[in-house]
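Read the structure below first, then the notes.
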Amino acid sequence: MFVLDRKDDKAVQLFTELGMPKNLAKTLIYISQVDECKCADVEQGADLRQPEVSIAMQELRRRGWVTKRDIKGIGKGRPVHIYKSTTHLSEILKTFEQEKLKEVESVKKDISELKNILESR
């Protein structure tokens, strides 16, 4: 089973410093390095709890970066969810970068507008 290493931890730290929730970053880094996995695999490999993985997977699926398929277990139990990355990590980074650059431009615009308001007093 795959487990996040120091290099992965550094990537998680950088994503987190850029504003991505830590659990989302851990889940993203984990799933980008395996072909497909179960929720339990991510829990163990990324050192997360089940609810944290579920929330992160919901966001990754919402963004279209991950797909989910169900495998029916034996008996009447719940199906097992199998997750697979649909977008390469480099593409995800590009999207994340574009989002952050938009935020920077918005902040710059707001600061400029505030300066104009304060200077006109």
Worksheet item: If you compute semi-axes √(5λ) of the Cα gyration tensor in Å for the structure shown, which of (1) 30, 13, 12; (2) 38, 17, 9; (3) 37, 15, 12 do you land on?
Response: (3)
Item to complete: Would you mind putting 107-119, 27-39 in packing order, based on average other-beta-carbon counts within 10 Å, highest first?
Response: 27-39, 107-119
Worksheet item: Ranked highest first by average number of other Cβ atoms within 10 Å, how do 10-18, 95-103 line up?
Response: 10-18, 95-103
Worksheet item: When you count, for each residue, the other Cβ atoms within 10 Å and take the mean per peptide, how do 46-55, 82-91 rank with the highest first?
Response: 46-55, 82-91
Discussion item. Give the lysines reachable from K10 as a straight Cα distance under 22 Å; neighbours fewer than 8 places away on the same chain don't count.
Written reply: K22, K26, K94, K100
Worksheet, complete the sentence: In the neighbourhood of L48 defined by beta carbon distances under 15 Å, the net charge of the other residues (Lys, Arg +1; Asp, Glu -1) is -3
Worksheet item: Among residues other than S32 whose Cβ falls under 12 Å from its Cβ, what is the net charge (Lys/Arg +1, Asp/Glu -1)?
Response: -2
Fill in: Gap separating the Cα centres of segment 8-25 and segment 88-121, nearest whole Å
20
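Each reported figure results from applying straightforward, stated rules to the coordinates on display, with no laboratory input. Nothing here was measured: the structure is a model prediction, and the numbers come from that model. Reconstructed Cβ throughout: ideal geometry from the backbone, glycine too, with neighbour counts over all protein chains shown.
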